Amino acid sequence: MRRLGFLPAVLLTAAALTACSAQSVEADDPKPSASGTTAPSGAPGGAPEGGGLTLADAIKKIPVAEEQRAGYERDSFKHWVDEDGDGCPTRQEVLIAEAVTAPQQGDRCTLSGGSWLSYYDAVEVTDARKLDIDHMVPLAEAWDSGAYDWTPERREAYANDLDAERSLVAVTAKTNRSKADRDPAAWMPPAESATCSYLVDWTATKLRWNLSADQAEQAALLELAEPCTESTVEYEPAA
């Protein structure tokens, strides 16, 4: 299933820059490897029954538990599949959906042209090869937070989640690799404008997939969310 278009979320995010500017979180880049006023419309999933939650209340709904890293392998999450059989694997589906200017599609869903906005660092990109598709909650973090106990099928569904617009995002390779598998206690997007949107997206993804947070992560989320007083979180639990 194709995702909804990304452009409306970009425009709404731009309108939210001012409120998020109250707090700047600078990210280091130790791992070169691997909105303030309103949450962007691209927050994962649809509205839960009763409407959205305040960001702080949504963070408090994330179960708190110790992380369990034992046994993690990236290959435990089969990703970039062609779920709907249209010739475009998950990576291309995300790039097509999030393009500000639509790319041309060639054989086997190769893409040329187009432009994208990497919201982590507010950089415009005109070459799809310079973009990574980031799992909002990284695969290793998802494993630590509950996916270790999932079936292979559920892990594949998580790794290719096209039904929630913000579970997967196209961002510059530099920011994705800087983030690596770190949670918001250890890494936040370098663009000041991204702070509230990122916290909304992270929280909604954790709630959508019923993933836990450790105490340090929850404390960091709540502290970072303090300036985002009007941000709301909407999500739909994954099937």
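Before moving on, here are some points about what is shown:
- Residue ID - most open to solvent (accessible area, probe 1.4 Å), chosen from residues in region 90-107 that are hydrophobic (A, V, I, L, M, F, W, C) and under 19 Å from His135 (Cβ atoms): Ile96
- Within region 163-172, the presence of a residue that is under 21 Å from Leu53 (Cα atoms) and in a helix (DSSP H, G or I) is excluded.
- The test for being assigned to a loop (DSSP other than H, G, I, E, B) and open to solvent by less than 20 Å² (accessible area, probe 1.4 Å) does not hold for Pro237.
- A search for C-beta distances below 6 Å between a residue of region 200-222 that is under 18 Å from His135 (Cβ atoms) and any residue that is polar (S, T, N, Q), counting only pairs 6+ apart in sequence or on different chains, returns Val200/Ser231; Thr205/Ser167; Leu211/Ser145; Ser212/Ser145.
- Among the residues here, Pro189 does not qualify as open to solvent by 10 Å² or more (accessible area, probe 1.4 Å) and modelled with pLDDT of 95 or more.
- Residues that are touching a Ser or Thr at 6+ places or on another chain (Cβ under 9 Å) and more than 30 Å from Asp127 (Cβ to Cβ), drawn from region 174-209: Lys206, Arg208, Trp209
- Qualifying residue in region 141-160 (condition: basic (Lys, Arg), over 30 Å from Pro63 (Cβ atoms) and open to solvent by 10 Å² or more (accessible area, probe 1.4 Å)): no
- Considering region 45-158, there are no qualifying strands (runs of 3 or more DSSP E) wholly inside with 2 or more residues that are of a type in the set (Asp, Glu) and more than 16 Å from Trp209 (Cβ to Cβ).
- Only residues that are within 20 Å of Glu83 (Cβ to Cβ) and open to solvent by 20 Å² or more (accessible area, probe 1.4 Å) were counted in region 108-131, giving 3.
- Looking across region 70-93, the residues that are out of contact with any Pro (no Cβ under 9 Å at 6 or more places or on another chain) and over 18 Å from Ala170 (Cα atoms) come down to Ala70, Gly71, Tyr72, Glu73, Arg74, Asp75, Asp84, Gly85, Asp86, Gly87.
- Among the residues of region 158-173, those that are over 23 Å from Glu124 (Cβ atoms) and of a type in the set (D, E, K, R) comprise Asp161, Asp163.
- Selection within region 161-186 - charged (D, E, K, R) and either at pLDDT below 95 or surrounded by fewer than 17 Cβ atoms within 10 Å (Cβ to Cβ) (or both): Glu165, Arg166, Arg177
- Pairs linking a residue in region 98-113 that is under 15 Å from Val125 (Cα atoms) and at pLDDT 95 or above to a residue that is surrounded by 13 or more Cβ atoms within 10 Å (Cβ to Cβ) and among the polar types (S, T, N, Q), with Cβ atoms under 6 Å and 6 or more positions apart or on different chains, are Val100/Ser115; Thr101/Ser115.
- Out of Leu222, Leu199, one residue alone is open to solvent by 10 Å² or more (accessible area, probe 1.4 Å) and assigned to a helix (DSSP H, G or I). It is Leu222.
- In this structure, Asp134 does not qualify as out of contact with any Phe, Trp or Tyr (no Cβ under 7 Å at 6 or more places or on another chain) and open to solvent by 60 Å² or more (accessible area, probe 1.4 Å).
- Restricting attention to region 202-219, the residues being of a type in the set (Val, Ile, Thr) and either modelled with pLDDT under 95 or open to solvent by 30 Å² or more (accessible area, probe 1.4 Å) (or both) number 0.
The values are calculated or read from the model by the stated rules, or taken from the named source; none is laboratory data. Being a predicted model, the structure only gives us computed values, none of them experimental. Positions of Cβ are backbone-derived with ideal geometry, glycine not excepted, and every protein chain shown enters the neighbour counts. Ligands, DNA and RNA are stripped out before the accessible areas are found, and what is left, the full protein with its side chains, is counted by its heavy atoms. Shrake-Rupley method; radii C 1.70, N 1.55, O 1.52, S 1.80 Å.
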